[in-house]
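Heads up, the thing below is written out as structure tokens.
The values are calculated or read from the model by the stated rules, or taken from the named source; none is laboratory data. Everything numeric here is computed off the predicted structure, so don't read it as measured data. So basically every Cβ, Gly included, is an ideal-geometry build from the backbone, and we count neighbours across all protein chains shown.
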Amino acid sequence: MPTKGDGIVRIRRQSSGRKGKGVSVITGLDLNKDQLMMLAAELKKCGSGGAIKQGNIEIQGDKCELIKQLLEAKGMKVKLAGG
């Protein structure tokens with residue numbers, strides 16, 4: 001897994017261990033806890049819930065493309081990771 005702060009934000013879809021319900025996991029964010037909470041609140045406006053876990057943001061549902069567009073609009077370098 002990439003280290004935090006390599007300059008690239010990665011978004012991947014994950015469903016294992018979640019009873020088949022997928023989430024979009026955003027990793028590589030070099031932000032403090034308050035900044036993470038503000039960004040998570042903004043991303044939850046995609047029409048789904050979410051949470052912050054271990055410095056990563058999890059947004060319910062497969063919203064990878066929408067999240068990518070929102071983060072790129074904020075000037076972040078974003079990659080879609082995984083399948």
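As a summary of the residue check, Lys68 satisfies the conditions (1) surrounded by 17 or more Cβ atoms within 10 Å (Cβ to Cβ); (2) at positive phi except for the one numbered (2). Among residues of segment 17-29 that are under 14 Å from Gly61 (Cα atoms), those with a Cβ under 6 angstrom from a residue that is small (Gly, Ala, Ser) and surrounded by fewer than 22 Cβ atoms within 10 Å (Cβ to Cβ), sequence gap 6+ or separate chain, pair up as Gly22/Ser15. The residues of segment 2-22 that are farther than 16 Å from Leu71 by Cβ, surrounded by 12 or more Cβ atoms within 10 Å (Cβ to Cβ) and not small (Gly, Ala, Ser) amount to a single one, Gln14. Against the conditions (1) surrounded by 11 or more Cβ atoms within 10 Å (Cβ to Cβ); (2) among the small types (Gly, Ala, Ser); (3) over 9 Å from the mean Cα position of the chain (by Cα), where does Ala40 fall short? Just the number, please. Condition (3) is where Ala40 drops out.
Among the strands (runs of 3 or more DSSP E) confined to segment 21-80, there are none with at least 3 residues that are of a type in the set (Lys, Arg), in contact with a helix residue (DSSP H, G or I) (Cβ under 7 Å, 6 or more places away or on another chain) and at pLDDT 90 or above.
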